[in-house]
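The values are calculated or read from the model by the stated rules, or taken from the named source; none is laboratory data. Please read these numbers as outputs of a predicted model, since none were measured by experiment. Reconstructed Cβ throughout: ideal geometry from the backbone, glycine too, with neighbour counts over all protein chains shown.
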Amino acid sequence: MRKYILSFIVFLVFVNVKNSFAQIKYTPVYKTYRVAIIAPLYLDSVFAGYHLKSENSIPKYIIGGADFVQGAELALDTINLHGRHVEAFIYDSKSVAQPLPALISSGKLDNIDLIIGSVKPPEYYQLAQFALQKNIPFISATYPNDGGIRQNPDLLIVNSTLKAHCEGIFSYILQKHGGDHIYIVHKKNDNRIDNYFKEINFVDGKPLLKIKEIVPDSSISSNELRYLVDTTKPVVIIGASLNQAFSKKLADACYPIALINQVSLIGMPNWDGFACWYNNTYMGFPIRFTTPHYLAKDNTFGKYLYDKYLQLYNIEPSEMVEKGFGITYNFTSILINHPGFFMQNINDTSYAPFHDFNFRPVYFGNTPQPDYYENKHLFIMQILNGEISREW
């Protein structure tokens with residue numbers, strides 16, 4: 001089924017997507033809004049003309065970009081244009097025939113009103129620089145990093161950076177567990193996350209929370225951890241690691257203690273991808289993590305997307321499909337409903353199909369303009385008995 005999805009995408013790209021995805025024949029009342037959707041499709045690697053080079057399998061590395069574009073297409077087909085007209089253009093960020101620098105130098109993006117990119121470096125840097133030069137809002141949809149970019153107020157980072165996740169965890173603990181015993185555990189010589197928490201905790205020169213640091217030499221056992229934490233009050237442990245093996249060892253150490261005492265383990269945003277949480281090893285013990293993307297089961301748009309995608313492609317929409325749909329629907333709606341004032345209305349929640357965004361300016365120095373805008377709206381999720389649900 002993925003073969004047919006990709007065949008549809010390559011057809012759209014070859015015809016340059018001249019018409020609105022919405023396929024609604026309105027006579028434009030206002031200006032025509034031009035949106036560029038840019039994602040890694042690797043079309044030159046997969047297709048020969050209009051035909052797949054291999055009929056047996058689709059390379060896994062192209063699925064994420066293809067799914068994102070499919071979600072974006074369905075979003076553009078769903079938006080109520082209210083008499084306005086939108087032209088959408090899909091570009092392959094990994095094109096060999098027309099790489100992104102050549103696309104930019106050709107002038108094809110000069111008249112674009114909004115760029116939505118599911119890209120990583122180097123294309124991330126190229127689009128950010130171009131967006132700044134042309135004063136075009138660039139929505140970085142999926143890259144969870146600022147990449148060191150500074151003084152670019154046209155850049156919006158949707159997939160929050162690691163520091164923003166630490167800020168979200170800190171806020172959650174401050175509000176829900178401020179009176180508990182709090183510990184942060186990290187590997188030796190791996191203190192980046194610990195440094196983020198220290199910076200956040202000491203923002204006013206004195207600590208808001210009393211957080212004790214635990215740095216095991218290699219691994220940590222339950223007996224060792226039991227002597228290092230004070231269980232006279234509920235215990236909160238921050239797993240300050242992106243490494244799966246270390247995170248599992250920490251959970252293994254916490255679990256026996258949690259059977260007797262109240263222990264909460266909060267991990268990092270990539271923990272949801274660790275297979276070890278889903279084998280029922282930690283029955284009754286929730287593993288928590290943060291995410292900027294959440295789709296409630298009773299969400300109307302979510303049900304529409306699920307049913308429509310299943311109807312069209314006989315497959316359930318992936319998270320990348322959801323992100324392509326939600327981000328494209330939200331920001332294209334803001335673009336057409338706030339003509340000329342897009343950046344002033346980036347937090348208008350009227351058009352968010354799945355969940356709200358909360359973009360805040362980020363400053364790294366005493367500059368009059370932000371270095372970029374970042375989505376600070378994060379959810380605390382939990383994996384309990386192999387199932388994911390929202391905790392906060």
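Checking each residue in the range 328-368 for being at pLDDT below 95 and under 19 Å from LEU132 (Cβ atoms) picks out GLY340, PHE364, GLY365, THR367, PRO368. In the range 256-265, the qualifying residues are those that are within 21 Å of ARG390 (Cα to Cα) and touching a Phe, Trp or Tyr at 6+ places or on another chain (Cβ under 9 Å), and the one that is surrounded by the fewest Cβ atoms within 10 Å (Cβ to Cβ) is ALA258. The residue that is modelled with the lowest pLDDT, among those in the range 181-203 that are more than 27 Å from SER218 (Cβ to Cβ) and outside any helix (DSSP H, G or I), is VAL203. Please work out if GLY340 is assigned to a loop (DSSP other than H, G, I, E, B), outside the structural domain of GLN151 (by TED's automatic domain parsing) and small (Gly, Ala, Ser). In short, no. The residue list ASN280, ASN261, ASN223 contains one member that is among the polar types (S, T, N, Q), farther than 25 Å from SER160 by Cα, at pLDDT 95 or above and out of contact with any Pro (no Cβ under 6 Å at 6 or more places or on another chain), which is ASN261. Got at least one residue in the range 42-57 being of a type in the set (A, V, I, L, M, F, W, C), at pLDDT below 85 and loosely packed, with under 15 Cβ neighbours inside 10 Å? Yes, the range 42-57 contains a residue that is of a type in the set (A, V, I, L, M, F, W, C), at pLDDT below 85 and loosely packed, with under 15 Cβ neighbours inside 10 Å. Within the range 215-237, can one find any residue that is charged (D, E, K, R) and either in a helix (DSSP H, G or I) or buried (at least 16 other Cβ atoms within 10 Å of the Cβ) (or both)? Yes. May I ask you to list the residues in the range 329-356 that are closer than 24 Å to ASP272 by Cβ and touching a Phe, Trp or Tyr at 6+ places or on another chain (Cβ under 9 Å)? Correct list: TYR329, ASN330, ALA352, PRO353, PHE354, HIS355. Remark: pairs (first residue in the range 245-257, in contact (Cβ under 8 Å) with a residue 60 or more places away in the chain; second residue part of a helix (DSSP H, G or I); Cβ separation under 9 Å; 6+ apart in sequence or on different chains) = LEU250/LEU225.
Only a single criterion out of (1) outside the structural domain of ALA75 (by TED's automatic domain parsing); (2) buried (at least 16 other Cβ atoms within 10 Å of the Cβ); (3) out of contact with any His (no Cβ under 8 Å at 6 or more places or on another chain); (4) of a type in the set (A, V, I, L, M, F, W, C) is not satisfied by MET268, namely (3). Considering only the range 175-197, I want to know if a residue exists there that is small (Gly, Ala, Ser), farther than 16 Å from ILE237 by Cβ and surrounded by fewer than 17 Cβ atoms within 10 Å (Cβ to Cβ). No, the range 175-197 contains no residue that is small (Gly, Ala, Ser), farther than 16 Å from ILE237 by Cβ and surrounded by fewer than 17 Cβ atoms within 10 Å (Cβ to Cβ).
Evaluate the following for LEU127: is it under 24 Å from GLU73 (Cα atoms), surrounded by 17 or more Cβ atoms within 10 Å (Cβ to Cβ) and either in contact with a Gly (Cβ under 6 Å, 6 or more places away or on another chain) or of a type in the set (Ser, Thr, Tyr) (or both)? Criteria met by LEU127. Report whether or not ASP252 is within 17 Å of GLU391 (Cβ to Cβ) and surrounded by fewer than 20 Cβ atoms within 10 Å (Cβ to Cβ). So ASP252 does not fit the description; no. Among the residues of the range 299-337, write down those that are touching a residue at least 40 places away in the same chain (Cβ under 8 Å), under 21 Å from the mean Cα position of the chain (by Cα), surrounded by fewer than 22 Cβ atoms within 10 Å (Cβ to Cβ) and in a loop (DSSP other than H, G, I, E, B). Within the range 299-337, ASN299, SER318 meet the criteria.
A count restricted to the range 88-114 and to residues that are part of a strand (DSSP E or B), under 19 Å from LEU41 (Cβ atoms) and out of contact with any Asp or Glu (no Cβ under 9 Å at 6 or more places or on another chain) stands at 2. The number of residues in the range 308-329 being aliphatic (A, V, I, L, M), in contact with an Asp or Glu (Cβ under 8 Å, 6 or more places away or on another chain) and within 23 Å of TYR61 (Cβ to Cβ) comes to 2. Taking the numbered list (1) among the β-branched types (Val, Ile, Thr); (2) assigned by TED's automatic domain parsing to the domain that holds ILE136; (3) assigned to a loop (DSSP other than H, G, I, E, B) in turn, ILE260 passes all entries but (2).
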